[in-house]
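Below is one structure, written out as C-alpha cells; comments come after it.
The values are calculated or read from the model by the stated rules, or taken from the named source; none is laboratory data. These numbers were taken from a predicted model, which means no experiment stands behind them. Here Cβ is always computed from backbone atoms with ideal geometry, including for glycine, and neighbour counts include all displayed protein chains. SASA here: full protein model, heavy atoms, side chains in, ligands and nucleic acids out. Shrake-Rupley method; radii C 1.70, N 1.55, O 1.52, S 1.80 Å.
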Amino acid sequence: MAVTTLFALVIVASSTGEKRVIINQTQLIKVPEGSNLTLQCQTDPEINLTNFNLDWRRMDIPPDSDRFVYSRRGGTDYLVEQMQRYKNRAELIKEDLTRGRMTLLIPTVQQSDTGRFKCFIPKLNVSFVFNIVVTVTKREDVAMTTSPGYGTMNPTVSGPVEKRNHWIILSVCICVLVLVLGFIGVLVKNRETGICKKRRQRIDEEMGMLRKGEDEGDKDEAVTTENGVGHLQQS
C-alpha cells in the first residue's frame, strides 16, 4: 500500500498583484495585513479528494469552541461548526480537489487570522500545519523563514510599480483626450446643424416673400383686366 504524504504551498498576494511563494514545509509565514492568503496542501501521490472528508482547523483555538475554518463531509460543504469570523469569507477551491489539492483562500487577512492552520484528511490520516503571523509592517520588510532543508522561491512581481504607474497615467491621459475630442466634435456638429437650420429658415422666408409678391402681382393684373373689360362693355 502506497504511503500518502502532504506538502504545502503558500501564496501571499497583495492588492497590487505582487505574489510571494513558499514551497514545502513552511514553519512560519509572516503575512502583511490586508493581503490575500492562499494555503494549499497537496497529496503525494495525487488523489481525487472530491468525496473525502476534509478539514481546515485553527489549532490555536481551545478545543471546546468552534475550530473549523472550512470542512467537507462526503463531498458536500459542512459549515455548521465553522468559526464565525470565516463565514462567507474563507473559500475552498473545489476545482483543485480532483488533483489532490486542499486549497484554502482567505481574502484580506486581519490580525485575528494569526494562528496555526491545519489541513487534515482523516481517511488518509495525513495533515499539515501552517503557522501564520499577520504583521502590520510594509511588504518590503516581510521576512519568511522555512525549516532547514527546504528552499524559498524568490518573490515574483508582475512588473515595477513605477512602470505600471506610468502606464496608468498614460491611459488616463488618452481617455481624457478622447473625451475632449468627442465633446468638441459634438459642439461642431451642433453648430453646423444650427447654421443649416438658420439658412433653411432664411431661404423659406425669401421664398415666401417671392410667392407673396407674385400673388399680389397676379391680383393687380386681374384687376386691370377687369377694368379694361368694363370700359369696353361701356363703349
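Checking the stated criteria, residue 39 turns out not to satisfy the condition of being under 14 Å from residue 132 (Cβ atoms) and either open to solvent by 30 Å² or more (accessible area, probe 1.4 Å) or of a type in the set (Asp, Glu) (or both). Taken over the range 160-194, the residue count meeting the criterion of being β-branched (Val, Ile, Thr) and modelled with pLDDT under 70 is 1. Looking only at residues in the range 115-143 that are part of a loop (DSSP other than H, G, I, E, B) and either within 25 Å of residue 49 (Cα to Cα) or open to solvent by less than 50 Å² (accessible area, probe 1.4 Å) (or both), the one that is modelled with the lowest pLDDT is 142.
Is the range 100-110 home to any residue that is open to solvent by 50 Å² or more (accessible area, probe 1.4 Å) and closer than 12 Å to residue 49 by Cα? Yes, the range 100-110 has at least one match.
From 79, 92, 39, grab the single residue that is modelled with pLDDT of 95 or more and aliphatic (A, V, I, L, M). Unique residue meeting the criteria: 92. Scanning the range 82-120 for residues that are within 20 Å of residue 4 (Cα to Cα) and among the polar types (S, T, N, Q) yields 98, 103.
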